[in-house]
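Read-outs: derived from the displayed coordinates by stated rules, not from any lab. Every value quoted in this text rests on a predicted model; they were computed, and no experiment measured them. Here the Cβ is made from the backbone with ideal geometry for all residues, glycine too, and neighbour counts use every protein chain on show.
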Amino acid sequence: MASISIIGNGNMARGIAAVAAKAGAGIQIVGRDADKAADAASAVGGTSATMGDALTGDIVVLAVPFAAIDDLTETYKDALAGKTVVDITNPVNVDTFDGLVVPTDSSATQVIAKALPGAHVVKAFNTNFAASLVPGTVGGQPTTVLVAGDDAGAKQGVVDLVNAGGLAGVDAGSLSRARELESIGFLQMKLAASEQIAWTGGFVLAT
């Protein structure tokens, strides 16, 4: 199983780390707060590092808000070349909470891919709430993780990790599908914020 570096130590970072631990992956948690990163890593038997330290994972998850992406890609641009980079962000307008801040013909993931031309960028986990990752189920069914990207090998590697972690990884198509995934993620956030669904709910594909 591939190793994984997760940049961020919030709820989503911890949830994805739990999935990776179930999959048997080696885990590195990277954060600006060394104590929080160490605590998150300890919970899954992984290692920790602070922002700017070397990344040990074959797969690197950007578990940070979209507003932090520019700084992160600048810090790690060279180090991410050749790696699978997973963008989990939903580029929501935090001032109005009524739309996305990227152009209508683009996505956060496409913006990141342009900033990291040497990396294999995929979209995943943005349609999942953190509370649906650790239990691994939504409504009694395995939590579905939609994965989009242009590099078939990178995309399959993420799908394999998700499946090995007990969730249901689904190939959602090319990187251009990230726009639709971000719209789904945003809609779910709106529904949860208005208490029409629970933050423990989420996206499932019934077969």
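By the scheme Lys and Arg +1, Asp and Glu -1, what is the net charge of all other residues having a beta-carbon under 12 Å from that of residue 51?
Taking every other residue near residue 51 into account, the sum is -2.
Before anything else, pin down the relative contact order of the stretch 54-201: Cα pairs under 8 Å, at least 6 apart, normalised by residue count, whole percent.
22
Which value, in debye to the nearest 20, describes the size of the charge dipole of the stretch 4-193 about its Cα centre when Lys and Arg Cβ atoms bear +1, Asp and Glu Cβ atoms bear -1, and nothing else is charged?
Around 380 debye, computed over the stretch 4-193.
For the chain, what are the per-bin percents of Cα-Cα distances with bins 10 Å wide, up to the bin holding the maximum?
Reading the bins upward from 0: 9, 38, 40, 12, 0.
In terms of modelled amide H atoms, which long-range or inter-chain residues lie less than 5 Å from the amide H of residue 29?
6, 47, 48, 49
Name the residue farthest towards the positive end of the dipole of the chain from the options 54, 163, 75, assuming +1 on Cβ of Lys and Arg, -1 on Cβ of Asp and Glu, about the Cα centre.
163
Check which residues have an amide H placed less than 5 Å from residue 138's amide H, if you skip close sequence neighbours.
HN-HN under 5 Å from residue 138: 143.
Under a Cβ-Cβ cut-off of 14 Å, what is the net charge of the residues other than residue 23 that fall near it, where Lys and Arg count +1 and Asp and Glu count -1?
-1
Need the full-extension length gain, residue 101 to residue 156, defined as separation in residues times 0.36 nm minus the C-alpha distance. One decimal, nm.
Residue separation times 0.36 nm, minus the Cα-Cα distance, leaves 16.9 nm.
Say each of residue 53 and residue 34 gets a label point 7 Å from the Cα, pointing the same way as Cα to Cβ; how far apart are those two points in nm?
Here the modelled spin labels are 0.8 nm apart.
Would you please give the FRET efficiency between residue 194 and residue 134, computed as 1/(1 + (r/R0)^6) with r the Cβ-Cβ distance and R0 = 30 Å, to the nearest 0.05?
0.80
What is the set of long-range amide H partners of residue 121 at a cut-off below 5 Å, with H atoms built 1.01 Å from backbone N?
Under 5 Å from the amide H of residue 121 lie the amide H atoms of 85, each far enough along the sequence or on another chain.
Sequence gap at least 6, Cα distance under 8 Å: using those rules, report the relative contact order of the stretch 1-104 to the nearest whole percent.
26
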